[in-house]
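Student: Can you read through this structure? Questions will come right after.
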Amino acid sequence: MVLTIEIAAAALIISAGAGGPITAWILRLASRKHREEAAERAGDPTGEPRPDPAAEQLRGGAWIGVLERLAITGSILVGYPAAIAVVVAVKGLGRFPEIHGSSGVSERFIIGTLASYLWAGTIGVAAVAALGALP
């Protein structure tokens, strides 16, 4: 019983804690590629990083990400993955005014959300597999 609680707690901590840096890394990769393409089109050989207006518009994303990863991993751990649909709906409806009509913001939203969800789902499934392997 104690090992079950420890595995579940570790999964939630890893999902919430490590998911942020992983999602940020994926967003940096995506925005770097976007900056390089934009610099080529504009004839700017430096490709110097500039502030990302999409990142500024989607404030609070780090805290939202922690909560969504906890919810997704937790729903998998308790055996109710259908709750993930609620997380997706709440996030989409809550962010709709900010992402509506802005391709840069909506692209950042989609990439960050999918990276975060994939991380949380992977950790949840791995934890369930670890729990299933217990005697």
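Values quoted throughout were computed directly from the atomic coordinates according to the rules given, and no laboratory measurement underlies them. This is a predicted model, so every value here is computed, not measured. All Cβ positions, glycine included, derive from the backbone under ideal geometry; neighbour counts span all protein chains shown.
Student: When the Karplus curve 6.51 cos²θ - 1.76 cosθ + 1.60 is applied with θ = phi - 60°, which whole-Hz ³J(HN,Hα) does each residue of the stretch 87-103 get, with x for Gly and Pro?
Tutor: 4, 4, 5, 4, 5, x, 5, x, 9, 3, x, 7, 9, 5, x, 10, 5
Student: Take the Cα radius of gyration of the stretch 52-135 and divide it by 2.2 N^0.38 Å, with N its residue count; two decimals is plenty.
Tutor: Here the answer is 1.23, to two decimals.
Student: Now for a different question. At what distance in nm do the modelled label points of residue 89 and residue 6 sit from each other, each positioned 7 Å from its Cα along Cα→Cβ?
Tutor: 3.9
Student: Please arrange 116, 103 by counting, for each residue, the other beta carbons lying within 10 Å of its beta carbon, fewest first.
Tutor: Ascending number of Cβ neighbours within 10 Å: 103, 116.
Student: Here's a follow-up. In whole Hz and in residue order, list the ³J(HN,Hα) couplings for the stretch 106-122 that follow from phi through the Karplus curve 6.51 cos²θ - 1.76 cosθ + 1.60, θ = phi - 60°; x for Gly and Pro.
Tutor: Result, ordered by residue: 5, 5, 4, 4, 5, 4, x, 5, 5, 4, 5, 5, 5, 4, 4, x, 5 Hz.
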